[in-house]
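Accompanying notes for the structure given below.
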């Protein structure tokens, strides 16, 4: 667009110059009447021609300046700063110390009523008897509890083979804590061959059943073989 504008203005300047020259050429020439007048007319024509040329050159210079394209300032690129990396916050690790749980060895509680089998005084387990033979079974037991035994206690049959013995018998004597006693029960072997086993225990106050073992709930037994 600036190039077209410059071309038009240049053509316009040349037209003005041509018009000025034509006007100068068409001006009426008066014949000089003397040598002095001739010289004066030549000087005036030269001055007029020079003035016209100066005017045209000045006009062309002004139009050339106006036609020159104006430099459009190029914007200076602005550098965008690179984003700064944000470091993730460091999380402190909390160490929780858990004390080991101590191993507890369970001990049986102290029982008021508990017996301990010391030995089979008579008729050890597996004794062979004849069919129908009478015998007396004797156990030696220790008072392993924390309460004394007395004659209010009983000896009772629990289960198995009763072998013709009474189901309940009176306790024969008082037994202090840690003392021992022999318990004897009369029995009779069955007539049929085979192995027979019977289970026995004690009863205390309130008919509380107790026997042998860590918890006082085991039974002492008799076992015979009939042939």
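When the chain is fully extended, how far beyond the present Cα-Cα distance does residue 195 get from residue 140, taking 0.36 nm per residue of separation?
Numbers: separation 55, 0.36 × 55 = 19.80 nm, distance 2.28 nm.
Roughly 17.5 nm would be gained on extension.
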**Message:** Given a Förster distance of 22 Å, report the FRET efficiency between residue 119 and residue 217 from their Cβ-Cβ distance, rounded to the nearest 0.05.
**Reply:** 0.60
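At a 10 angstrom cut-off on C-beta neighbours, averaged per residue, how do the peptides 123-133, 175-185 rank from highest to lowest? Walk me through the numbers before you get to the answer.
Details: 123-133: 13.0, 175-185: 14.7.
In decreasing order of mean packing, 123-133, 175-185 become 175-185, 123-133.
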**Request:** Report, in whole Å, the centroid distance computed from the Cα atoms of the stretch 144-159 and the stretch 176-200.
**Result:** 15 Å
**Asked** Taking R0 as 30 Å, what's the FRET efficiency between residue 225 and residue 158 from their Cβ-Cβ distance, rounded to 0.05?
**Response** 0.90
**Asked** Simple spin-label model, 7 Å along Cα-to-Cβ: residue 150 to residue 127 in nm?
**Response** 3.3 nm
**Prompt:** Restricting the count to DSSP beta bridges whose residues both fall in the stretch 115-226, what percent are antiparallel, rounded to a multiple of 5?
**Reply:** 90 percent
**Request:** Note the full-extension length gain between residue 182 and residue 170 as 0.36 nm times their separation in residues minus their Cα-Cα distance, in nm to one decimal.
**Result:** 3.0 nm
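Bear in mind that the values in this text are calculations on the coordinates, not laboratory data. Note that the structure is a prediction, hence the values are computed from the model and not measured. Backbone-built Cβ (ideal geometry, glycine too); neighbour counts: all protein chains shown.
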